[in-house]
Every structure is written in structure tokens, then in C-alpha cells.
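Here the structure comes first, spelled out in C-alpha cells, and everything after it is commentary.
The values are calculated or read from the model by the stated rules, or taken from the named source; none is laboratory data. Predicted, not measured: the structure shown is a model, and the values here were computed from it. No Cβ is skipped: glycine too gets one built from the backbone with ideal geometry, and neighbour counts run over all protein chains shown. For the accessible areas, the whole protein counts, side chains as well, though only heavy atoms, and no ligand, DNA or RNA atoms are used. Shrake-Rupley method; radii C 1.70, N 1.55, O 1.52, S 1.80 Å.
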Amino acid sequence: MTDDKTRVDLRGAPQTMLATLYAKALDADLPAPILGDRFAKEAVARIDYDWSTTSITAARSPSVTTRTAHFDDWTRRFLVEHPSAVVLHLGCGLDARYFRLEPGPGIDWYDIDYATVAELRRQLLPTRQGNHVVAASVTDPAWLAEIPTDRPTLMLGEGLAMYLTEQDGVGLLRRIVERFPSGEVQFDAFNSLGIKTQWSNAVVRRAGATLHWAINGPSDILTAVPGTRLVEWVRWFESDTFRLLPRRYRALGKAMAVIPAVANMSQYHRYVF
């Protein structure tokens, strides 16, 4: 350990953010990076941590970066359509999406995560006038009082829904839809098979985290959250960013498509309200 590095001591779901951060840092050094996120690389260099415990390697990094790149694309679409809006980046971890996308001056962007994570963001990432860091559990309704309600609002939850219980997840989505005048909710999800086989997910297992909420398709959300309308539902291996991967991954996608439960294991959801 060196004195100028930040020590990190996290457990459970918050610890998994270190694996996703490390994947982005490794991607930044690849010959053809998917994200090219220099902020992740700089943050990893400043953290005192045994990164080998994450189970992430450069070869495995696309399992993270393709998902992140996908939600970068969806977020860009929202920002183009709504240049004066509010973005709620829930369970943000140490993701530098605000800095990758560089939203315009009309955007108020809120990065929301546990207090320990929020403090790490303040230490490791830059500050910008339109970027607000909120220290709170995303399932605590109290933090919503800090958010303006006079503009279209995007709720973005990458790598979040599966760590919530169904009750907490549905409650969160309902509060967003009921509180804000219009906008979108975007998130990824695992189906029942993904939750049942979580023991095979090394990142989750090594962090001591538990996955809870299984979402088997858009009907689960449309039924549980009145006022939502489906815009897009995409399976991981069908997304545009998946096509950036080497041929062996595309072969994996074809194999996954054969069995519906496997094909739907990892999904991207986008709704308007």
C-alpha cells in the first residue's frame, strides 16, 4: 500500500462495483476498447485494492463494457430528445457516465448511491456544476425530495434491479413514475434462471452479494408499474454493442438463442411514462 492511494472496504452489492470499474479500466488499455474510459483507469490506479479478487480479466471485461456502452447509447438518445432534463443515475457506483457523455448545460444529473460509495466518488472522480452526488440508498424515498420535478426525467439503473427485492424494485419504479411529469426508466434485469443460477456468477459470489428480483419480460413491469409504456426490450446478445465483440461471442449468442430461458437471462429494458 502507498500513502497516496485510497483504501476501500466494501461488502455485498456495493463491492461488485469494484469489478465493473476494473473491467472498464482494463478495457481502456485494449487495442480496440469498447468504452475507452480513462476515468475508470485513473480511478483504479488510485485505489489500494487486490484487483485479482474481482475475477475480472481483460478477456472477460466485455461482459461489463458491452452493457455499459448500451446504456450510454440509450442515455444519449434521451439527452438528444430532452436537452433540459433531469437524470437519476441510480446505484451509480464509480461509473463515469456523466463524464463520458458530457451532457449539456440544461441537464441536472444526480449520481445516487450509498454514503460510502458517494464519498469514494467525491475522492476519485472530477466535479462538475451539473453533476450532483447524493448519498442515499436508492430504495429510501427521502432522497427524492432533493430532486426537481419540473422537467422530463430519466431514471437509469444499470446493474441495479437484480440486487433489489421485487417489493423494493416495484416501489422505486412507481415512485419515479408518479412523482415526475414525464420521462423514461432504463435498466437491465435477470430472469428467474439468472437469479437461480447466481452461484455461477463469480463477481456476485466473491462479493458475498445476493440477487433477488427476477424479471422475465416487459409484462412484469407493465403490470406492476401503471403509467409505463414499453419502448425497447433487448436481450444482451441481440444488442448493438454485443455485435462489437469477437466472433466467438457472436457464436455464444446464437447458442443462447436456442433455449428461451437462457436467451432471456440478461435483458435491457426501456420504458416511457
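Values computed for the structure shown
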| read-out | value |
| --- | --- |
| One residue from Ala69, Ala59 being within 19 Å of Leu244 (Cα to Cα) and either touching a Lys or Arg at 6+ places or on another chain (Cβ under 9 Å) or free of Cβ contacts under 8 Å to residues at least 24 places away in the same chain (or both) | Ala59 |
| Val258 being open to solvent by less than 60 Å² (accessible area, probe 1.4 Å) and either hydrophobic (A, V, I, L, M, F, W, C) or in a loop (DSSP other than H, G, I, E, B) (or both) | no |
| Which listed residue is over 20 Å from Phe187 (Cα atoms) and open to solvent by less than 30 Å² (accessible area, probe 1.4 Å), from Ala69, Ala58, Ala43 | Ala43 |
| Qualifying residue in the range 42-52 (condition: more than 27 Å from Val134 (Cβ to Cβ), in contact (Cβ under 8 Å) with a residue 60 or more places away in the chain and not hydrophobic (A, V, I, L, M, F, W, C)) | no |
| Test: residue in the range 90-103 that is out of contact with any helix residue (DSSP H, G or I) (no Cβ under 9 Å at 6 or more places or on another chain) and either surrounded by fewer than 21 Cβ atoms within 10 Å (Cβ to Cβ) or among the small types (Gly, Ala, Ser) (or both) | yes |
| Number of the exception - Lys24 against (1) surrounded by 22 or more Cβ atoms within 10 Å (Cβ to Cβ); (2) over 22 Å from Tyr98 (Cα atoms); (3) not small (Gly, Ala, Ser) | (2) |
| Which listed residue, of Thr65, Thr53, is closer than 20 Å to Arg121 by Cβ and polar (S, T, N, Q) | Thr65 |
| Residue list for the range 5-36, filter: in contact (Cβ under 8 Å) with a residue 40 or more places away in the chain and over 15 Å from the mean Cα position of the chain (by Cα) | Lys5, Thr6, Arg7, Val8, Leu10, Arg11, Gly12, Ile34 |
| Considering residues of the range 173-214 that are in contact with a Lys or Arg (Cβ under 9 Å, 6 or more places away or on another chain), among the aliphatic types (A, V, I, L, M) and assigned to a strand (DSSP E or B) only, the residue most open to solvent (accessible area, probe 1.4 Å) | Ala214 |
| The range 213-233 residues that are under 27 Å from Thr197 (Cα atoms), paired with ones that are open to solvent by 60 Å² or more (accessible area, probe 1.4 Å) and among the aliphatic types (A, V, I, L, M) (beta carbon under 7 Å, 6 or more apart) | Pro218/Leu230; Leu222/Leu230 |
| Residue count for the range 229-255, restricted to those that are under 19 Å from Phe190 (Cβ atoms), open to solvent by 60 Å² or more (accessible area, probe 1.4 Å) and not in a helix (DSSP H, G or I) | 2 |
| Condition check for Thr66: within 20 Å of the chain's Cα centre (by Cα) and outside any helix (DSSP H, G or I) | no |
| Test: residue in the range 143-159 that is within 22 Å of Ala261 (Cα to Cα), open to solvent by 10 Å² or more (accessible area, probe 1.4 Å), assigned to a loop (DSSP other than H, G, I, E, B) and of a type outside the set (S, T, N, Q) | yes |
| Hey, Phe187 in contact (Cβ under 8 Å) with a residue 40 or more places away in the chain and more than 19 Å from Arg60 (Cα to Cα) or not | yes |
